[in-house]
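Only the coordinates and a few stated rules stand behind these numbers; no lab work does. Quick caveat, the model's predicted, so the values are computed rather than measured. Positions of Cβ are backbone-derived with ideal geometry, glycine not excepted, and every protein chain shown enters the neighbour counts.
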Amino acid sequence: MDVVVLADTHLRDGIEGLPHAVLEAVAAADLVLHAGDLVSARAYQELVAMAPTRAVLGNNDHQLVGCLPITVELELAGVRVAMVHDAGPSRGRAGRIRRRFPEADLVVFGHSHAPCDEPGIGGQRLFNPGSPTQRRRQPRPSLGRLEITPGRVRPRIDILQD
């Protein structure tokens, strides 16, 4: 299963604001996970029309209040995945995430715009795809990819060209 992971896209006018490489990845994906801050309902609807999509509410998703949940927990080919927008400061994050999602194998989050793929506590993996549209203090925009086979996940961060 090929999963594209996005966060912090801040798409005010629909998905045409996404880089071409991201649109290609989404079109070929089995599933898209979006860890919040889509911003517009139009962008969310257009993303859903392109590929099966699960998303959580971000702090800038005012148009999507009542439409998106705060967290998502799902199982993909035997891999337990949880998703939330803001996982808090990096200091103490692994413990907070483990307490919030004790059963999750992989926890996807956003908010910081900074890519992160690191071990958590008790075998958990913490994964933030960064942002494909607003790199902020990062050298390049990015997106996440998950290759999921039965009971196993291989995450990676794809760095995009500006």
Is there a residue in region 2-12 that is loosely packed, with under 15 Cβ neighbours inside 10 Å and more than 18 Å from residue 153 (Cβ to Cβ)? yes
I want to confirm something. Restricting to region 115-149 and keeping residues that are touching a helix residue (DSSP H, G or I) at 6+ places or on another chain (Cβ under 7 Å) and within 25 Å of residue 101 (Cα to Cα), which single residue is surrounded by the most Cβ atoms within 10 Å (Cβ to Cβ)? 143
Does residue 112 qualify as being closer than 19 Å to residue 25 by Cβ, of a type outside the set (Lys, Arg) and surrounded by 13 or more Cβ atoms within 10 Å (Cβ to Cβ)? no
Every residue from region 33-53 that is part of a loop (DSSP other than H, G, I, E, B) and either surrounded by 15 or more Cβ atoms within 10 Å (Cβ to Cβ) or on the phi > 0 side of the Ramachandran plot (or both): 35, 36, 37, 38, 40, 51
What are the pairs with Cβ atoms under 6 angstrom where one residue, in region 1-29, is closer than 30 Å to residue 151 by Cβ and in contact (Cβ under 8 Å) with a residue 12 or more places away in the chain and the other, located anywhere, is part of a strand (DSSP E or B) and charged (D, E, K, R)? Sequence gap at least six, or different chains. 29/2
Cβ contacts < 6 Å: first residue under 15 Å from residue 33 (Cα atoms) and touching a residue at least 12 places away in the same chain (Cβ under 8 Å), restricted to region 103-119; second residue of a type in the set (D, E, K, R) and in a loop (DSSP other than H, G, I, E, B), any location; separation 6+ or different chain. Result? 110/8; 111/86
Please work out which one of (1) in contact with a helix residue (DSSP H, G or I) (Cβ under 6 Å, 6 or more places away or on another chain); (2) farther than 26 Å from residue 28 by Cβ; (3) not hydroxyl-bearing (Ser, Thr, Tyr) is the condition residue 103 fails and give its number. (1)
